[in-house]
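I have placed the structure first, in the form of structure tokens, so that the comments after it can refer back to it.
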Amino acid sequence: MEVKPCRVIGYCVTEKKNAKMNWAEFGNVCRNHGFSLVKVDLRVDLESQGPFFAIIHKVTEVIINSNMGDIEAATALANLESYIRLHPEVIVVDPLDGVRSLMDRSHYYRIVQNSDLAEDKVFTPTFVDLLSTDLKENLQRLKDSGITYPFVCKPSVSHGSDAHQMAIVFNEEGVADCRPPCVAQSFINHNAVLYKIYIVGDNFNVSERPSLKNFQPSDRKTIFFSTADVSKADSTSSLTVLDPEDAAVAPASNPDPQRLRHIVSSLRKELGMMLIGVDIVIEHGSGRYGIIDINIFPGYDGFPNFFQCLMDSILDSATSKNYGIAKTSRRLSEEIDNSSSSKKQGKLRHLGESSETFPGLPPDQNLLQSVNTGKNTNREYEQDDSGFDTGDSSDERKKKWGLTRGRGHGKKLSQQVRGFAAPSQQSSLTITDHPVRTGLGGV
Ligand SMILES: Nc1ncnc2c1ncn2[C@@H]1O[C@H](COP(=O)(O)OP(=O)(O)OP(=O)(O)O)[C@@H](O)[C@H]1O
Ligand SMILES: O=P(O)(O)O[C@H]1[C@H](O)[C@H](O)[C@H](OP(=O)(O)O)[C@@H](OP(=O)(O)O)[C@@H]1O
Ligand SMILES: [Mg+2]
């Protein structure tokens, strides 16, 4: 009996993400690969909407609401979970157990702590859960855990509308401002520069973002802030402008591609997920790399050609998952191979075939090297519009940044590596420094 190839990709994301991303663009990419894209309605049994080849989701709000007793959310989650359970052949982006582990901040801080990253001067700042409303108990826990002042107090749940209101606590008096359940994480001075790694399967892209300036312990009052005001590409908070004495000594820091690749490969191995965001700071003085946050299916703002990259990762996952190839007629596997090989003749450029230079950057910062990925698909995605509708593409962002803010804000790093090599394998990496005039007037 001929098996009809299943060519439907389903997606169900938060309304915010639905509005922010140009899903019609992804529909075009799917069609180019012989798939149709369907918006999944979790209120209805998925059997009647499938069968699905893959399901892409961001159901963090559904999980949170379900955990809080919302019946509709619990039903929606049960619909998704039962379909996944009955259809192990479907590619789930990403597995719900990985999603749940990244919804609890201290849980993923522990994953970093217990990974092999420590050997590479990569750490997660000291942290402790504060679950009690008893101030004395919390003060003791902070002391016993070695938390230093100032520390950042973050909601325990890392995603959703209530997850991004935070506080910088400078002294014991300020501990009364913590609202458990929360996580206290020692503050790391990092010269107001954050590196945001966006991971799509075996590809990652690094962009530089504004970040909190350096702080010292003091008797000052707690500072409350929303992360949306601090580390977005166009954040303009005065909290992200270095004090003159700090700006004078802040080194221009370029993250080490080898160490970034190790972070990506280690977290991919630990988490087994396709769509992850990792927030890195480089500690002033020690040069250690601090992983301060890991995000589920983040915004991918400025990620070149995100949807094409997502499609490739799904096909890669299908191939490596032997998606029914053993059980299905050869035709389907040839179809999958053809659709993936058609990609190679499509919009892809092999790395290292041509070196571009960017005016305004000294030659040594125009680094374009080929990457040996250990796979026969070394390639870079052309820097086309990824179909994002953020109104904040890297070109717009370049225009917005007028003055240099803090040291090291001068570059937009974009490292596009496919099938990155594990740190033990010798390989070099493509780094394209886009010279941008950066900073924000008047901050
Ligand atoms: N331990 C820390 N030391 C210094 N700065 C920190 C620390 N933790 C967080 N920050 C600052 O606060 C910002 C937000 O922190 P974090 O990423 O944990 O919050 P979030 O709500 O998960 O943000 P998002 O979801 O937007 O990534 C960081 O980008 C950084 O500027
Ligand atoms: O700047 P980024 O891309 O990291 O911003 C992300 C943020 O890190 C969180 O992942 C947000 O998810 P929630 O915590 O669930 O709000 C993302 O929002 P989303 O609407 O895009 O999912 C931000 O983009
Ligand atoms: Mg973050």
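The values are calculated or read from the model by the stated rules, or taken from the named source; none is laboratory data. These numbers come from a predicted model, not from an experiment. When we count neighbours, we look across all protein chains shown, and the Cβ atoms used for this are built from the backbone with ideal geometry, even at glycine. These accessible areas exclude ligands, DNA and RNA; they are computed on the full protein's heavy atoms, side chains included. Shrake-Rupley method; radii C 1.70, N 1.55, O 1.52, S 1.80 Å.
The one condition from (1) more than 16 Å from ligand 1 (Cβ to nearest atom); (2) under 25 Å from the mean Cα position of the chain (by Cα); (3) of a type outside the set (Val, Ile, Thr) that Glu61 does not meet is (1). Evaluation of Val206 against the conditions (1) more than 24 Å from Asp312 (Cβ to Cβ); (2) open to solvent by less than 30 Å² (accessible area, probe 1.4 Å); (3) among the hydrophobic types (A, V, I, L, M, F, W, C) shows that the sole unmet condition is (1). Asp246: away from ligand 3 (no atom under 16 Å from the Cβ) and not in a helix (DSSP H, G or I), yes or no? Spelling it out, it is not the case that Asp246 is away from ligand 3 (no atom under 16 Å from the Cβ) and not in a helix (DSSP H, G or I). The condition of being out of contact with any Asp or Glu (no Cβ under 9 Å at 6 or more places or on another chain) and assigned to a loop (DSSP other than H, G, I, E, B) holds for only one of Glu119, Glu137, Glu81, Glu89, that being Glu89. Taking the range 263-303 as the range and being assigned to a loop (DSSP other than H, G, I, E, B), within 15 Å of ligand 2 (Cβ to nearest atom) and not aliphatic (A, V, I, L, M) as the test, the residues that pass are Phe297, Pro298, Gly299, Tyr300, Asp301, Gly302, Phe303. Restricting attention to the range 282-300, the residues being open to solvent by less than 20 Å² (accessible area, probe 1.4 Å), more than 19 Å from Glu119 (Cβ to Cβ) and either more than 10 Å from ligand 3 (Cβ to nearest atom) or among the small types (Gly, Ala, Ser) (or both) number 3. Report yes if some residue within the range 184-195 is at pLDDT below 95, of a type outside the set (Asp, Glu) and touching a Lys or Arg at 6+ places or on another chain (Cβ under 6 Å); otherwise report no. Scanning the range 184-195, I find no residue that is at pLDDT below 95, of a type outside the set (Asp, Glu) and touching a Lys or Arg at 6+ places or on another chain (Cβ under 6 Å), so the answer is no. A search for C-beta distances below 8 Å between a residue of the range 164-187 that is closer than 19 Å to Asp293 by Cα and touching a residue at least 60 places away in the same chain (Cβ under 8 Å) and any residue that is open to solvent by 10 Å² or more (accessible area, probe 1.4 Å) and of a type in the set (Lys, Arg), counting only pairs 6+ apart in sequence or on different chains, returns Met166/Lys154; Val183/Lys154; Gln185/Lys154.
Just one of the listed residues (Ala73, Ala78, Ala54) is away from ligand 2 (no atom under 16 Å from the Cβ), surrounded by 15 or more Cβ atoms within 10 Å (Cβ to Cβ) and at pLDDT 95 or above, and it is Ala54.
Annotation note: Cβ proximity below 6 Å between a residue of the range 12-26 that is under 12 Å from Val59 (Cβ atoms) and a residue that is within 16 Å of ligand 1 (Cβ to nearest atom) (sequence gap 6+ or interchain) occurs for Val13/Lys58; Thr14/Lys58; Thr14/Glu61; Lys17/Lys58. Only a single criterion out of (1) within 10 Å of ligand 1 (Cβ to nearest atom); (2) closer than 24 Å to His107 by Cα; (3) open to solvent by less than 20 Å² (accessible area, probe 1.4 Å) is not satisfied by Val264, namely (1).
Determine if the range 84-99 includes at least one residue that is within 16 Å of ligand 1 (Cβ to nearest atom) and either open to solvent by less than 10 Å² (accessible area, probe 1.4 Å) or at positive phi (or both). Within the range 84-99, one or more residues are within 16 Å of ligand 1 (Cβ to nearest atom) and either open to solvent by less than 10 Å² (accessible area, probe 1.4 Å) or at positive phi (or both). The condition of being near ligand 1 (Cβ under 9 Å from one of its atoms), surrounded by fewer than 21 Cβ atoms within 10 Å (Cβ to Cβ), of a type outside the set (S, T, N, Q) and without any contact (Cβ under 8 Å) to a residue 24 or more places away in the chain does not hold for Ala118. Of all residues in the range 226-237, exactly one satisfies the criterion of being open to solvent by 30 Å² or more (accessible area, probe 1.4 Å), within 16 Å of ligand 3 (Cβ to nearest atom) and of a type in the set (Val, Ile, Thr), namely Thr227.
Against the test of being within 16 Å of ligand 1 (Cβ to nearest atom) and of a type outside the set (Ser, Thr, Tyr), the options Pro255, Pro244, Pro251 yield a single qualifying residue, Pro255. Within the range 33-49, the residues that satisfy the criterion of being outside any helix (DSSP H, G or I) and in contact with a helix residue (DSSP H, G or I) (Cβ under 7 Å, 6 or more places away or on another chain) are His33, Gly34, Ser36, Leu37, Val40, Leu42, Arg43, Asp45. With respect to being of a type in the set (Ser, Thr, Tyr), touching a residue at least 40 places away in the same chain (Cβ under 8 Å) and surrounded by 22 or more Cβ atoms within 10 Å (Cβ to Cβ), Thr240 fits the description. Within the range 146-187, being open to solvent by less than 20 Å² (accessible area, probe 1.4 Å), β-branched (Val, Ile, Thr) and in a loop (DSSP other than H, G, I, E, B) holds for one residue alone: Ile147.
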